[in-house]
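Just so it is clear, none of the values below were taken in a lab; they were calculated from the coordinates. Given the structure is predicted, the values throughout are model-derived calculations rather than measurements. Using ideal geometry, Cβ is built from the backbone for each residue, glycine included, and neighbour counts are taken over all protein chains shown.
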Amino acid sequence: MTATGSGGLLRQAYVDNAGHCALSTAERLGALNTLEDRITTGRWPETDLTSLNSRATTADPSTPARYIAYRPGPYPHPTTSPTRPTAADSTRTYD
């Protein structure tokens, strides 16, 4: 996104829960409300942790709001992975 100049359109948020897309109802609704605000107004509302958690709690106070500060490390790209098979691997014979 940065390379295309679209970085300002991207928002990423993380919750303190294990599993892929393991969001509570509150977190899903809070994220959806944030996106709806962006579409309606043409600008992003506040997307800091306090705002996201507040929006989530307002949307559904019966389930947890667990947005956290998190920055993942670099993605282990398959072409640079030390365990990625090479062309030489496909021609090896094993006895």
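In the stretch 1-50, how many are aromatic (Phe, Trp, Tyr) and touching a residue at least 40 places away in the same chain (Cβ under 8 Å)?
1
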Query raised in the report: What number of residues in the stretch 53-79 are assigned to a loop (DSSP other than H, G, I, E, B) and either within 19 Å of the chain's Cα centre (by Cα) or surrounded by 16 or more Cβ atoms within 10 Å (Cβ to Cβ) (or both)?
Result: 14
Report task. Filter the stretch 18-56 for residues that are under 23 Å from GLY8 (Cβ atoms) and of a type in the set (A, V, I, L, M) and give the result. Result -> ALA31, LEU32, LEU35, ILE39, LEU49, LEU52
Query raised in the report: Name the pairs whose Cβ atoms lie under 8 Å apart, with the first residue in the stretch 57-78 and closer than 19 Å to ARG11 by Cα and touching a residue at least 24 places away in the same chain (Cβ under 8 Å), the second crowded, with 16+ Cβ neighbours inside 10 Å and polar (S, T, N, Q), and 6 or more positions between them or separate chains?
Result: ALA65/SER24; ALA65/ASN53; ALA65/THR57; ARG66/SER24; ARG66/ASN53; TYR67/ASN53
Report task. Could you please give the count of residues in the stretch 1-29 that are in contact with an Asp or Glu (Cβ under 8 Å, 6 or more places away or on another chain) and either surrounded by fewer than 10 Cβ atoms within 10 Å (Cβ to Cβ) or not in a loop (DSSP other than H, G, I, E, B) (or both)? Result -> 4
